[in-house]
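Okay, structure first, notes after.
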Amino acid sequence: MNDPAHELKRPYDTRPRLERIRPVRHTAVATGGFPLFGYGTFRDPRWRREILGAEYPWEPATLRGWQRVTFPAYDYLSIRESEFDLVEGVLVELDEIGWRVADAWEEVPKYVRVAVEARTASDLVVARSYVFAGSHDDAVPLDDDHVLASIPHRDVERAIVVFARTRDAIRRSAG
């Protein structure tokens, strides 16, 4: 598998990241890639399993220096850099097929993968997360970490049912 780093784009905010004092663990999953930091639908274990079509190892994690935001005009949830904020989420160790499914769910290129440094209970880990690729001018900060989507849960569950055809096609094409 190619290193997903070549697919990365900088988020809309091109300010340099704060210098890190602690060493960063570069966690390579079985495919040689990076784990996914999920801050929305991927945080719910049932939704994650249904979206991806398989179980993947995961652990709780946080992103310091990021903030969750919504885009009311689009019903999107995203993150953006914000010096003093913290985002709760999960690290999910995806394989190549898992990344292809996640890219389809996140509607790449509507969202892009970005490099992030997530904090677990024991380490700082290099990961990838999805950030809305459009303008963040109308973004509204979301302070409630219990909100997993900017649309009602029943609408997320309907979207997952519809997405199952795409997910299954990706999984079938992989072998």
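A short reminder: the numbers here are calculations on the coordinates, not readings from a lab. Here the structure is a predicted model, which is why all the values come from computation and not from measurement. FYI the Cβ positions are ideal-geometry reconstructions off the backbone, even for glycines, and counts take in every protein chain you see.
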- Task: Count charges around D85 for me, please; just the other residues with Cβ under 12 Å from its Cβ, Lys/Arg as +1, Asp/Glu as -1.
- Result: -2
- Give the order of T70, T120 when sorted by the count of other beta carbons within 10 angstrom, beginning with the fewest. T120, T70
- For I170, I151, order by how many other beta-carbon atoms lie within 10 Å, fewest first: I151, I170
- Message: Can you classify region 98-175 as rounded, prolate or oblate using the Cα gyration tensor, where a ≥ b ≥ c are the square roots of its eigenvalues, rounded means a/c under 1.5, and otherwise it's prolate if a/b beats b/c and oblate if not?
- Response: oblate
- Item | Sequence-separation-based contact order of region 55-175, relative, with Cα cut under 8 Å and 6+ spacing, percent | 30 percent
- Query: Under 5 Å between amide H atoms, partner at least 5 residues away or on a different chain: which partners does V125 have, H built in plane at 1.01 Å?
  - Reply: R25, A118, R119, T120
- Message: I need F71, F132, F84 ordered by Cβ neighbour count within 10 Å, fewest first.
- Response: F84, F71, F132
- Task: Decide, for region 22-173, between rounded, prolate and oblate: order the square roots of the alpha carbon gyration tensor eigenvalues as a ≥ b ≥ c, take rounded if a/c falls under 1.5, and otherwise choose prolate if a/b is larger than b/c, else oblate.
- Result: oblate
- Would you mind getting me the FRET efficiency between E157 and S122? Use the beta-carbon distance for r and R0 = 41 Å, nearest 0.05. 0.75
- Note on the structure: If unit charges are put on Cβ atoms (+1 for Lys and Arg, -1 for Asp and Glu) and the dipole of region 91-170 is taken about its Cα centre, the option from L124, I97, V156 lying farthest towards the positive end turns out to be I97
